Amino acid sequence: MNAYLLSLLLLGASGQGVLENEDYRFCHEPQYPLYEDERRWCELGGDPNPRCPDLPKACSNHVEPGPDGRFSSDWGSTNGNVGDDESPGRTAPPDGDGREARPDRQKLELPSVLSPIAQLLLIGLFIAGLVLIARHILENRHDDPDDEPVEPQVTPSPEEAQGAVIRAAKETDVTRLLNLARAEASAGRYDAAIEYAYAAALRRLDGDGFIELHHSRTNGDYLRRLRRGQPNLAQHLRGVVREVEGVQFGARAPTRERFDAVLSGVMAILGRGTAALVLLLTLFGLPGCSDGAGKDEPKPVIGGDTSPAGERAVLEAIATQSPKVSYRIEPLNLIEDDVGTLIILPGAGPEDDDWEPIVAWVEKGGRLILAGARPQHEDLELFEDPVEAPEPQLFSGYFVGFSDMDGWTLKVPPSSGLLPQIGLTEGEPVLYRYTSRDYEDEEISVYAVGVYRGEGEIIAFENDDFFTNIAMSIEDNARAMAAMAHRYDARSVQVCTTWTGRGSSSPFDAVREADLTPLVVQLLLFVALLLLYRGIAFGRLRDPEARGRRAFVDHVRALGSHYARAQATGYAWQAYAAWALDQIDQRLPGQRRRGLQATASAIAARTHWPETEVITLLIAATDATQRSGPASLRGPASAPHTDTDEDSSSLHNLQRMAAMLEAMGPSHRGNRPKK
Amino acid sequence: MAETSKAVLGQEETIEAVLIALLANGHVLIEGVPGLGKTLLARTLSRVLGLEHKRIQFTPDLMPSDVSGGNVYHQKEDRFVFIPGPVFTNLLLADEINRAPAKTQSALLEAMQDRSVSTDGVTRPLPEPYVVIATQNPVESQGTYPLPEAQLDRFLAKVHVGHPTSEVEQQLLRGYASGFDASDLDSAGVSVQSSAEEIRAMKGALSTVQVGDELIHYITQIVAQSRTHRAVYLGASPRGAISLLTAGRARAASQGRTFVVPDDIKALAPSVLRHRLILHPDAEIEGVTADDVIGEILMQTQVPRTAA
């Protein structure tokens, strides 16, 4: 009899109410579809089941899975079962089982242990936020005597006053601008003071991202910009702008009253800007707050799966007795002394190198609970030699005594892989299987055994059935779980899953473990090559290359395409005809004065074209030139005709003719010197 | 402007331009396709301002005397009697001004400039106030007589009117569905808000609106840059600078101010200058518009007394 464990049993009915949370939908939704392996628990829960009121109805509501192993969709969507069965290594049904997808919240409730770098970053951000808020508060104080000292009241020369105005345009710090405004006002230079105060407001709005200052923007531009996003601020600024512009561009005299009015409006704008910033920071900060904030003992974050096969209820049951319960992220090769109980779920799979430190930790007083994990390690002295048995089996140790002691009833469903009954001592309490109610019979099967190692102990369960949410709904299983994990020395309880030991201690480890090292190395090589190829300039900001002007031929082509799109071949024909006739005049000087007939004859003689074709072409060209000219000189009746094909044909023929004339050179008669 | 918006929706820029032109002794050229409510705008403005209005549809056969009027022999009195043309009104809508020959256009433009009509040696002044809203269609070019640049310069502002937004169009259709009749402004509740005398008084007070040296410098900077911009063949004339100044004053007055601010100049620069710039052909081929040039100039010009 394990007196220690028995004493734990006297802790009382802890952990019995963990399933009241409606996140455990299998306990609160009568239509919740259960998998076949989950239905094994139905007989054990009884009807009614006070801990899980709707489980009996869910058990009676038999839903046949479809041919693809999914449940029919009349109960819920057929989305992938995101949250239900993500417990690594558990006997979970496959994804997409037809159960309604869990809220993403469960996804977010991953173990929240942050790396030291992340913690440092978070703290840094928090401090920066505080400093920013404090700075804003300090900046907005009206009459803080500790403000920058006011300049002595010296009557400035006009040049100095003009210089102050120029400085207002250059100074960008809001606090200094306000101080300058007050100093100028104290000196009686209210025009400069008003300008400084207004500049402070604009700088603040610019800094807060509400406007964007630019030398080409007017006050009206800023007001219109503000009106779109911040109408309240725009209203305030409008009043200020009226006063400021009245002084700057109007005949309003800059007085103390006017300065006070401007400063008042500016301070309202600055205050609103700060309030918006604080609100923004608060909103950003809210998600970081927890309901345990301010308490001495931080509330352990218990996330995890709330499906029947999940383990969240297990942790919550343990938490009723042991507040320090959490998932373990750190590797198992170095277990901290403040860890009292370590529960290893299937899939957590300690490496061979891990067992030595684990056993050492057990010998120093730790309690190791193997939930179905059957590590093959000689140091464990808990399992049979795997050579002689198909799989490691429990062979020695005490039988963990939870059953029916002090009126508790613990149940787990039967399964195929029973542990062999060994070394049962009469009167020894055994966590029994449901089918082996009478453990005094020889057919009794043992579900869990334990061994002492040094000052600690190792408890091994046949499987992880006992470590599921649905197990916590049966009889006294939940408080037995709480009792088993509890440590009087207030040491913590840690649950190991497949995520245990998967964290990286440095970014390099993370890259290595993600098998990204080759990719990163290739990227670095690519950058190095780029550096060699383009020089260091590729990483620097450079002015965009000046856009070169287009060549004349490009303009001509663009113009031509415009004409083509506009179906304005007639215009092109007119222009070309005028040019071609001019060329003909140069090649055949004086011929056109003698008439088209004479010109055509001369051309035909030189080019050997038929004279009739030449004269037709010349008539068309001459007609076209008479149609051309500025629009204002033409009547609507003379609008160009739109026979595109004819114009194109004429243009090409004229071009050929002009080219032939060009090739033959000028007329000898034309070049003959006058006598 | 609010009263005008009862009948004319989504044309705030045009309405403002007309009002400014009215105060600044200028005229407005509206470029837009037909059916955008230009006639309605003129009628509504004349109703709101308490002015007389007339409309001329410009056609190729329109004669100068059809615009300005002319002497007609009166048989009974045995003498020539002057019959005033439609130009004798307060608010004249010259629809599709580019459809009439240059001679007829000149007759109107001279009347616009001189604010008087001379026939047979007799000069007759036009009513005061007097504003011309001329329109032209940017799409159709055949059978038109484009206004020469020198005459375009006589318009104080040129406004582009585009199609209304979907929301405005829905609002417009709802109005018509509920019984709005464009020919009956009374049904829209448009009432007289002013009178010719009041407008004359306002125009008289325009000279008291202050313009600081910084703003004069700002205007000259803008106009000077319009002459040296690489895409501009011919920049804004001194008349353009004067128009900008006058329009700025009118805008300040219309907003209840006794002084001009840079925002007045900047807001009005596109409409006052866009028709005064002639772009290089290569810039036009590249798709550069006068508005692009003015936007670039305004972006490069430092606003006086800016905090930036």
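The values are calculated or read from the model by the stated rules, or taken from the named source; none is laboratory data. Keep in mind that this is a model prediction, so the values were computed, not measured. Glycine also receives a Cβ, built like all others from the backbone with ideal geometry; neighbour counts cover every protein chain displayed. These area figures cover heavy atoms from the full protein model, side chains too; ligands, DNA and RNA do not enter into them. Shrake-Rupley method; radii C 1.70, N 1.55, O 1.52, S 1.80 Å.
Quick notes on this one:
- Subset of segment A:210-234 that is more than 12 Å from chain B (Cβ to nearest Cβ) and open to solvent by less than 50 Å² (accessible area, probe 1.4 Å) - its residue that is farthest from the chain's Cα centre (by Cα): A:ALA234
- When the criteria are applied in full, A:ALA201 meets the requirement of being touching a helix residue (DSSP H, G or I) at 6+ places or on another chain (Cβ under 6 Å), within 17 Å of A:ARG238 (Cα to Cα) and within 9 Å of chain B (Cβ to nearest Cβ).
- Test result for A:GLN567, under 28 Å from B:PRO60 (Cα atoms) and modelled with pLDDT of 75 or more: no
Condition check ((1) among the basic types (Lys, Arg); (2) open to solvent by less than 70 Å² (accessible area, probe 1.4 Å); (3) more than 22 Å from B:ARG124 (Cα to Cα)) across all residues:
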| position | (1), (2), (3) |
| --- | --- |
| B:THR4 | no, yes, yes |
| B:ILE15 | no, yes, yes |
| B:ALA24 | no, yes, no |
| B:ARG43 | yes, yes, yes |
| B:LEU62 | no, yes, no |
| B:VAL67 | no, yes, no |
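- Considering segment B:259-282, and only residues there that are within 7 Å of another protein chain (Cβ to nearest Cβ) and acidic (Asp, Glu), the residue that is farthest from the chain's Cα centre (by Cα) turns out to be B:ASP282.
- Looking at segment B:1-79, the helices (runs of 4 or more DSSP H) lying wholly inside it that each contain 2 or more residues that are in contact (Cβ under 8 Å) with a residue 12 or more places away in the chain and touching a Lys or Arg at 6+ places or on another chain (Cβ under 8 Å) sit at B:12-23, B:38-49.
- Scanning segment B:283-308 for residues that are more than 8 Å from every other protein chain (Cβ to nearest Cβ) and in a helix (DSSP H, G or I) gives B:ALA283, B:GLU284, B:ALA290, B:ASP291, B:ASP292, B:VAL293, B:ILE294, B:GLY295, B:GLU296, B:ILE297.
- Every residue from segment B:199-238 that is of a type in the set (S, T, N, Q) and within 12 Å of chain A (Cβ to nearest Cβ): B:THR208, B:GLN210, B:GLN221, B:GLN225
- Among the residues of segment B:138-177, those that are more than 16 Å from B:ALA94 (Cα to Cα), in a loop (DSSP other than H, G, I, E, B), away from chain A (no Cβ under 14 Å) and open to solvent by 70 Å² or more (accessible area, probe 1.4 Å) comprise B:HIS163, B:THR165.
- Scanning segment A:484-515 for residues that are over 16 Å from A:ALA460 (Cα atoms) and part of a helix (DSSP H, G or I) gives A:PRO507, A:PHE508, A:ASP509, A:ALA510, A:VAL511, A:ARG512, A:GLU513.
- Condition met for B:VAL190 (surrounded by 12 or more Cβ atoms within 10 Å (Cβ to Cβ), more than 30 Å from B:HIS280 (Cβ to Cβ), of a type in the set (A, V, I, L, M) and away from chain A (no Cβ under 14 Å)): yes
- Whenever a residue of segment B:111-137 is touching a residue at least 40 places away in the same chain (Cβ under 8 Å) and assigned to a strand (DSSP E or B), its partners that are among the basic types (Lys, Arg) and open to solvent by 10 Å² or more (accessible area, probe 1.4 Å), lying with C-beta atoms within less than 9 angstrom and at least six residues away or across chains, give the pairs B:VAL117/B:ARG124; B:ILE133/B:LYS38; B:THR135/B:LYS38; B:GLN136/B:ARG99.
- Of the residues making up segment B:90-114, just one is open to solvent by less than 30 Å² (accessible area, probe 1.4 Å), of a type in the set (S, T, N, Q) and more than 14 Å from every other protein chain (Cβ to nearest Cβ), namely B:ASN90.
- In segment A:566-593, the residues that are open to solvent by 30 Å² or more (accessible area, probe 1.4 Å), among the small types (Gly, Ala, Ser) and within 60 Å of the chain's Cα centre (by Cα): A:ALA566, A:ALA572
- In segment A:184-199, the count of residues that are open to solvent by 20 Å² or more (accessible area, probe 1.4 Å), of a type in the set (A, V, I, L, M) and at pLDDT below 85 is zero.
- Cβ pairs under 8 Å, 6+ apart, first in segment A:484-501 and under 17 Å from A:GLY372 (Cα atoms), second of a type in the set (Phe, Trp, Tyr) and open to solvent by less than 20 Å² (accessible area, probe 1.4 Å): A:MET484/A:PHE402
- Test: residue in segment A:351-366 that is within 21 Å of A:PHE466 (Cβ to Cβ) and open to solvent by 10 Å² or more (accessible area, probe 1.4 Å): no
- For segment A:153-178, a tally of residues being away from chain B (no Cβ under 14 Å) and either at pLDDT 85 or above or farther than 23 Å from A:LEU237 by Cα (or both) returns 9.
- Check on A:ARG487, modelled with pLDDT under 80 and open to solvent by less than 60 Å² (accessible area, probe 1.4 Å): yes
- Near pairs, Cβ below 6 angstrom, 6+ apart or cross-chain, from segment B:212-223 (within 17 Å of B:SER243 (Cβ to Cβ)) to any residue that is not in a helix (DSSP H, G or I): B:LEU215/B:VAL260; B:TYR218/B:PRO304; B:GLN221/B:THR301; B:ILE222/B:THR301; B:VAL223/B:ALA236
- Being at pLDDT 85 or above, in contact with a Ser or Thr (Cβ under 8 Å, 6 or more places away or on another chain) and in a loop (DSSP other than H, G, I, E, B) is a condition met by no residue of segment A:347-361.
- Flag if A:VAL240 is more than 9 Å from chain B (Cβ to nearest Cβ) and surrounded by 17 or more Cβ atoms within 10 Å (Cβ to Cβ): yes
- Test: residue in segment B:241-254 that is over 19 Å from the mean Cα position of the chain (by Cα) and either touching a residue at least 40 places away in the same chain (Cβ under 8 Å) or facing chain A (nearest Cβ under 9 Å) (or both): no
- Of all residues making up segment B:178-187, the number that are surrounded by 12 or more Cβ atoms within 10 Å (Cβ to Cβ) and assigned to a helix (DSSP H, G or I): 2
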